[in-house]
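Colleague: First, the structure itself, so that you have it in front of you.
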2 protein chains.
Amino acid sequence: MAPAPAPAPLRDRKRARTRQALIDAAVTLFDRDGYEQTTIADIAAAAEVGARTFFNYFASKEDLLFSESDARVRATLDAIATREPHEAPTDVLLRALRDVGAVSDEMASPQGALRLKLGRTVPAVRGRALQAQLDAQREIARQLAAAYPDTLDEVSAAAVTGAFIGAITATLQVLLERSAEPEDPAEFHRVLVEATDLALAPWAGK
Amino acid sequence: MAPAPAPAPLRDRKRARTRQALIDAAVTLFDRDGYEQTTIADIAAAAEVGARTFFNYFASKEDLLFSESDARVRATLDAIATREPHEAPTDVLLRALRDVGAVSDEMASPQGALRLKLGRTVPAVRGRALQAQLDAQREIARQLAAAYPDTLDEVSAAAVTGAFIGAITATLQVLLERSAEPEDPAEFHRVLVEATDLALAPWAGK
DNA sequence: CTGCAAAAATGCAATGACTGCAAACTTGCT
DNA sequence: AGCAAGTTTGCAGTCATTGCATTTTTGCAG
């Protein structure tokens, strides 16, 4: 039996380091030169690996930006998992909305902030982001349906989840349209929750 | 003064014909060989124009699929324009939902049906479709806000519209997941409206 | 009819994402 | 030390998309 060390398969450590180097290089370059102006060759060079190697880590340029699982999705799934016995489905979602700190979270990491910015300006990134969102939404709907087997079938769960996330997305879009660079993330989040909350109010307790 | 003919600037007629030829060629080939297997050179060849010419008509391969303005969006804007004096915003949207015949319409033209299919299978197309939807949504929200200057500000209008379209999209997604090829479009539409209606019910009269 | 200028169609060359393939390297373990 | 699985690269090729320069077409005036 091995003593106890085994901190990490060693080989994997290196892999993780390269991966992160690519992400860091990309984020830096995207930020400095712009997404479209940055070529994959540039990124690989900055990360000190061969260009071909990039594709050993990410399937495409966009993919790199969406490689970490979204914290907001995790938080929402968490909210569902820890629901109160008598809490209604929509209330769970409303609670998640308030807890999650949608944008704040996004703004936290440089990657998140950049993703938000590129999502507004680069079509390819926006498309990818929307796809990721739709997938996350489906996953949330599944968990919601599973949590309320007696009340919600898959279709209803999807519809409700879609309504919630759709409202949030649309609101976020308009708010971002107004002030591209929210000066105060906390305040921004407050406004977002307030507006969305209001729009979704008819659902409280449903 | 010219008698009265001038049915169309003649030159434009030809342009329209070429455009349509490209669309037809593309739809046929996409359907026969698959979207990714069909190259722009193939499409141009089938339409009997030079490959470079393709880009005189469409900015990209995806664009060709989304070149006609969406009938559903037009119908929704119409529903808003023709609202009853005392009809609530959400009721207008609910009415539009019932009238529009979301999928039925889509299934009507070969282009629409193909778009629906490709939207489920080709990432690039899906991304483009979602972007188009978000844009349409914003436009609808604008008109809605304009129609209810006293009740809705831009943010609320966006939130409500987002919730509606989000619910419809999510429902549609699940239904399509179940039966890739709806045998009966009419029945399919009925189920879609019913499910979405139910999910959006809390909003009636709001 | 004729000629001209705008509009459209093309051809060519170049950039850059992405893929398949095979050779050269590393690492993990015996 | 020595092999096998896991990685990194280089290379060549396909394809979308673009900029530029040239050749056709078409609409209209003279």
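Only the coordinates and a few stated rules stand behind these numbers; no lab work does. Please read all numbers here as calculations on a predicted model, not as lab measurements. Note that we place each Cβ from the backbone using ideal geometry, even for glycine, and neighbour counts take in every protein chain shown.
Colleague: Among A:120-127, B:35-42, how do they line up by average Cβ neighbours within 10 Å per residue, starting with the highest?
Modeller: Final packing ranking: A:120-127, B:35-42.
Colleague: Also, quick follow-up: Counting each DSSP H run of 4 or more residues in the protein assembly as shown as -39500 (n - 2.57), what helix-only mean residue ellipticity at 222 nm follows after dividing by all residues, to the nearest 500 deg cm²/dmol?
Modeller: Details: 22 runs with 300 residues, N = 412.
Computed ellipticity for the protein assembly as shown at 222 nm equals -23500 deg cm²/dmol.
Colleague: Select from B:Arg15, B:Arg95, B:Arg138 the residue whose mean-square fluctuation is largest in a Gaussian network model of chain B (Cα-Cα springs shorter than 10 Å).
Modeller: Looking only at B:Arg15, B:Arg95, B:Arg138, the largest GNM fluctuation is found for B:Arg15.
Colleague: Could I ask something else about it? Rank B:Val155, B:Val100, B:Val27 by mean-square fluctuation in a GNM of chain B with C-alpha springs under 10 angstrom and give only the top-ranked residue.
Modeller: Of B:Val155, B:Val100, B:Val27, the Gaussian network model singles out B:Val155 as fluctuating most.
Colleague: Just tell me how shielded B:36-42 is by partners: mean number of partner chain Cβ atoms within 10 Å of each residue's Cβ, no decimals. Please list the in-between numbers first.
Modeller: Working: counts 0, 0, 0, 0, 0, 0, 0.
For peptide B:36-42, the averaged partner shielding equals 0.
Colleague: Just to compare against my own numbers: the Cα pair-distance distribution for the protein assembly as shown, 10 Å bins, whole % per bin, please.
Modeller: 4, 19, 27, 26, 16, 6, 2, 0, 0, 0, 0
Colleague: Leaving out same-chain residues fewer than 8 places away, which lysines sit with a Cα under 20 Å from that of B:Lys206?
Modeller: A:Lys206
Colleague: Also: Quick check on the range A:55-206: take the gyration tensor over C-alpha atoms, sort the square-rooted eigenvalues as a ≥ b ≥ c, and tell me if it's rounded (a/c under 1.5), prolate or oblate. Mind showing how you got there, number by number?
Modeller: Details: a/c = 2.05, a/b = 1.37, b/c = 1.49.
Because a/c hits 1.5 or more and a/b fails to exceed b/c, the range A:55-206 counts as oblate.
Colleague: Taking Cα pairs under 8 Å and at least six residues apart, what relative contact order does the range B:77-206 come out at, in percent? Provide the component values of the computation, followed by the final result.
Modeller: On the way: 90 pairs, mean separation 46.5, N = 130.
Contact order relative to length: 36 percent.
Colleague: Expressed as a whole number of Å, what is the distance separating the alpha-carbon centroids of the range A:111-186 and the range B:114-140?
Modeller: Distance between centres, Cα-based: 15 Å.
Colleague: Still on this structure, I have one more. Can you tell me which lysines have their Cα less than 24 Å from the Cα of A:Lys117? Leave out same-chain residues fewer than eight positions away.
Modeller: Excluding near neighbours in sequence, the set is A:Lys61.
Colleague: Given the options B:Phe30, B:Phe164, B:Phe55, state which has the largest fluctuation in a GNM of chain B using a 10 Å cut-off (strictly under) for Cα springs.
Modeller: B:Phe55
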